[in-house]
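Single-structure report; data block below.
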Amino acid sequence: MQDPLAVMDSKWDAATVGEVLRGAAELVEEKGWAQKTNQTPDGRVCLGYAIELSAKALFVAKPELRHVPGNGCTRCDPPCSWGYAYLSNDACRVFGKFLRVGSAVMWNDRAERTADEVITGMRACADQIDPPK
């Protein structure tokens with residue numbers, strides 16, 4: 001299988017992308033799973049939004065991820081912390097490549113998809129790119 005990390009545009013390492021995907025899987029487990037919307041009124045989240053929330057949380061927990069050249073906004077002085085959006089987009093692309101689909105978000109929204117497939121898939125992708133130690 002082709003390396004899913006090959007589709008990334010930035011300099012994130014496998015451990016960082018793996019951590020985002022694992023965090024997103026936990027969020028879907030905790031909050032519940034949604035389709036065709038970022039978040040439902042009762043708090044369930046879709047795959048894409050779970051990945052975004054996980055990337056944001058990682059940026060808060062690990063400030064060293066911010067302001068890395070090539071990984072975020074360079075229009076601000078000092079650079080802002082919008083890098084989580086780049087990380088989130090890269091994690092979605094890596095997961096889509098792992099699934100061999102064009103878009104992980106569209107894969108999430110297919111009628112036949114299940115929460116278990118989404119959770120299991122994100123963990124399997126994370127384990128492939130960043131094997132548990």
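Using the Cβ-Cβ distance between GLU112 and ALA15 with R0 set to 30 Å, the FRET efficiency from 1/(1 + (r/R0)^6) comes to roughly 0.40.
If R0 equals 25 Å, the separation of the Cβ atoms of ASN38 and LYS133 corresponds to a calculated FRET efficiency of about 0.15. Per-residue packing, averaged as other Cβ atoms within 10 Å, sorts the ranges 103-113, 122-132, 44-54 into the order 44-54, 122-132, 103-113, beginning with the highest. Extension gain for GLU29-ALA85 works out to 18.0 nm (0.36 nm per residue, less the C-alpha to C-alpha distance).
Just so you know, all these numbers are worked out from the coordinates, no wet-lab data involved. Remember, predicted model here, so these are calculated numbers, not experimental data. All Cβ positions, even for glycine, are placed from backbone atoms using ideal geometry, and neighbour counts span all protein chains on display.
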